[in-house]
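Structure first, then comments.
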Amino acid sequence: MHRDTCSHGHPQRGPADYFDDGQCRHCDRDNQGRYRTRRRAAMELALALEAEGVQVMRSDPPINLRQLAAALANGFSESDGLPTD
Ligand SMILES: [Zn+2]
């Protein structure tokens with residue numbers, strides 16, 4: 001038996017709303033959308049860093065991406081990312 005809604009409040013009326021294993025299709029769609037958005041942001045960030053001369057994919061010697069992220073985050077606040085005009 002299915003509940004009327006998933007744990008995120010999506011209606012669960014029939015097979016259009018959930019998979020055979022009971023997973024909510026709406027949640028799955030949301031998760032895929034978030035994943036795509038994050039992947040796109042990661043690619044934009046990688047390209048922007050490369051344009052600044054940082055070889056993010058360098059493996060010899062390997063670039064420390066956590067260290068790079070910490071350095072970037074240290075000099076960046078949310079408001080820096082807003083449009084200036
Ligand atoms: Zn759901």
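Values in this text are rule-based calculations from the coordinates and carry no lab data. Quantities reported herein were computed from a predicted structural model and do not represent experimental measurements. Here Cβ is always computed from backbone atoms with ideal geometry, including for glycine, and neighbour counts include all displayed protein chains.
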Completion exercise
Within the stretch 16-60, the residues that are over 19 Å from Leu72 (Cα atoms), in contact with a helix residue (DSSP H, G or I) (Cβ under 9 Å, 6 or more places away or on another chain) and exposed (fewer than 11 other Cβ atoms within 10 Å of the Cβ) are Ala16, Phe19
Practice task
Could you please give the count of residues in the stretch 5-15 that are surrounded by 10 or more Cβ atoms within 10 Å (Cβ to Cβ), more than 8 Å from the ligand (Cβ to nearest atom) and outside any strand (DSSP E or B)?
Solution key: 1
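Out of the stretch 61-85, which residues are outside any helix (DSSP H, G or I) and loosely packed, with under 10 Cβ neighbours inside 10 Å?
Kept after step one, since they are outside any helix (DSSP H, G or I), are these residues of the stretch 61-85: 61-64, 75-77, 82-85.
Those that are outside any helix (DSSP H, G or I) and loosely packed, with under 10 Cβ neighbours inside 10 Å: Pro61, Pro62, Gly75, Ser77, Leu82, Pro83, Thr84, Asp85.
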